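*Asks:* A single structure is presented below for examination.
The values are calculated or read from the model by the stated rules, or taken from the named source; none is laboratory data. From a predicted model like this one, the values you see are computed outputs, not experimental measurements. Cβ placement follows ideal geometry from the backbone for every residue including glycine, while neighbour counts extend to all protein chains displayed.
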Amino acid sequence: MCVAAENSIVVNAGGAAAPTPNTGGMFVRSVPTSTVENNYFRGNEGRLAGALLLSTSGTTMFATVRNNTFVDIITTSTVDGSLRTNLDADIVNNVFHGDIRAISAKLSPAVTVHSNDFYGYSMGVYRTETVLHATANSLNSETFASGNIEALPGFIDPNDVHLLASSQLLSTGSCSQAPASDIDGDLRPIGGGCEIGADEYNPDWLLIFEDDFESGNMSSWSHTLPAE
Ligand SMILES: [Ca+2]
Ligand SMILES: [Ca+2]
């Protein structure tokens with residue numbers, strides 16, 4: 001059993017050497033049972049998987065990929081995506097924001113895909129060797145997929161995994177399949193429902209407005225916000 005949790009993997013491209021490496025972020029290879037949760041992947045570039053490659057030497061293996069946030073990923077193989085799996089896998093509660101494609105599944109693994117957010121894809125959200133789903137609605141027509149959406153995530157900043165109070169991802173995830181805490185250590189759920197992605201929105205930071213500093217503006221603040 002291998003668990004990779006609460007990492008920030010940012011702007012990895014394997015250096016300047018050609019060819020572009022197989023994955024720009026994390027490579028889970030030949031681990032019988034693995035869990036990848038609450039990680040933040042941003043700005044990574046790879047050939048087969050821009051951010052996360054799940055692969056096996058042939059033995060049946062299983063991966064759980066849940067509550068990760070993928071932002072501005074670059075996959076260079078046009079038949080693949082930010083996450084490529086050759087393994088049986090549950091893919092749930094992840095944000096996929098920006099790449100050619102979110103997920104590619106190869107070698108006919110048994111995959112479930114539930115309650116993920118897909119936004120900003122030019123070549124569809126999910127692809128196997130025989131099927132391409134261009135939209136979340138199309139993907140949700142599969143028996144192995146449900147609850148996937150296409151919504152602008154609503155991050156505080158493009159470089160910050162944290163969600164705004166107005167984010168459409170609040171309470172749109174699956175609590176039954178979510179880790180008990182988020183990338184900050186906030187316990188799930190907060191506010192009655194579980195968020196999609198690595199951040200469970202914690203509104204405690206709104207208290208900073210209650211001292212009347214920059215009063216009247218409840219939607220933005222010009223100073224660095226604490227992690228919520
Ligand atoms: Ca919540
Ligand atoms: Ca949080």
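*Asks:* Any residue in the stretch 176-188 that is more than 15 Å from ligand 2 (Cβ to nearest atom), modelled with pLDDT of 95 or more and out of contact with any helix residue (DSSP H, G or I) (no Cβ under 8 Å at 6 or more places or on another chain)? Lay out the reasoning, then the answer.
*Replies:* Our first condition is that a residue be more than 15 Å from ligand 2 (Cβ to nearest atom); within the stretch 176-188, this holds for 176-177.
Add one more test, that the residue is modelled with pLDDT of 95 or more, and what stays is 176-177.
Filter once more, keeping what is out of contact with any helix residue (DSSP H, G or I) (no Cβ under 8 Å at 6 or more places or on another chain): 176-177.
Yes, there is a match, as at least one residue in the stretch 176-188 is more than 15 Å from ligand 2 (Cβ to nearest atom), modelled with pLDDT of 95 or more and out of contact with any helix residue (DSSP H, G or I) (no Cβ under 8 Å at 6 or more places or on another chain).
Yes/no per residue for (1) more than 21 Å from Val65 (Cβ to Cβ); (2) basic (Lys, Arg); (3) part of a strand (DSSP E or B):
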{"position": "Leu139", "(1), (2), (3)": "no, no, no"}
{"position": "Glu142", "(1), (2), (3)": "no, no, no"}
{"position": "Pro153", "(1), (2), (3)": "no, no, no"}
{"position": "Val161", "(1), (2), (3)": "no, no, yes"}
{"position": "Ser166", "(1), (2), (3)": "yes, no, no"}
{"position": "Leu169", "(1), (2), (3)": "no, no, no"}
{"position": "Ser176", "(1), (2), (3)": "no, no, no"}
{"position": "Gly185", "(1), (2), (3)": "no, no, no"}
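*Asks:* Let me confirm something: among Ser146, Ser181, Ser115, Ser176, which residue is under 12 Å from the mean Cα position of the chain (by Cα) and more than 20 Å from Arg42 (Cβ to Cβ)?
*Replies:* Ser115
*Asks:* I've got another one for you. Which of the residues that make up the stretch 79-116 are of a type in the set (Ser, Thr, Tyr) and touching a strand residue (DSSP E or B) at 6+ places or on another chain (Cβ under 7 Å)?
*Replies:* Result: Ser82, Thr85, Ser104, Thr112, Ser115.
*Asks:* Residues in the stretch 94-120 that are of a type in the set (Ser, Thr, Tyr) and either at positive phi or in contact (Cβ under 8 Å) with a residue 40 or more places away in the chain (or both): how many? It would help to see each step written out before you state the result.
*Replies:* Kept after step one, since they are of a type in the set (Ser, Thr, Tyr), are these residues of the stretch 94-120: 104, 108, 112, 115, 119.
Those still in the list that are either at positive phi or in contact (Cβ under 8 Å) with a residue 40 or more places away in the chain (or both) too: 104, 108, 115.
Matching residues across the stretch 94-120 total 3.
*Asks:* So Asp72 passes all but one of these: (1) surrounded by fewer than 24 Cβ atoms within 10 Å (Cβ to Cβ); (2) in contact with a Pro (Cβ under 8 Å, 6 or more places away or on another chain); (3) on the phi < 0 side of the Ramachandran plot. Which condition number does it fail?
*Replies:* All conditions pass for Asp72, except number (3).
*Asks:* Something else: What strands (runs of 3 or more DSSP E) completely inside the stretch 48-134 contain at least 3 residues that are among the hydrophobic types (A, V, I, L, M, F, W, C)?
*Replies:* Of the strands (runs of 3 or more DSSP E) lying wholly inside the stretch 48-134, those with at least 3 residues that are among the hydrophobic types (A, V, I, L, M, F, W, C) span 49-55, 62-66, 88-92.
*Asks:* Of Ser146, Ser138, Ser171, which residue is of a type in the set (S, T, N, Q) and over 19 Å from Leu83 (Cα atoms)?
*Replies:* Selected residue: Ser171, the only one of Ser146, Ser138, Ser171 that is of a type in the set (S, T, N, Q) and over 19 Å from Leu83 (Cα atoms).
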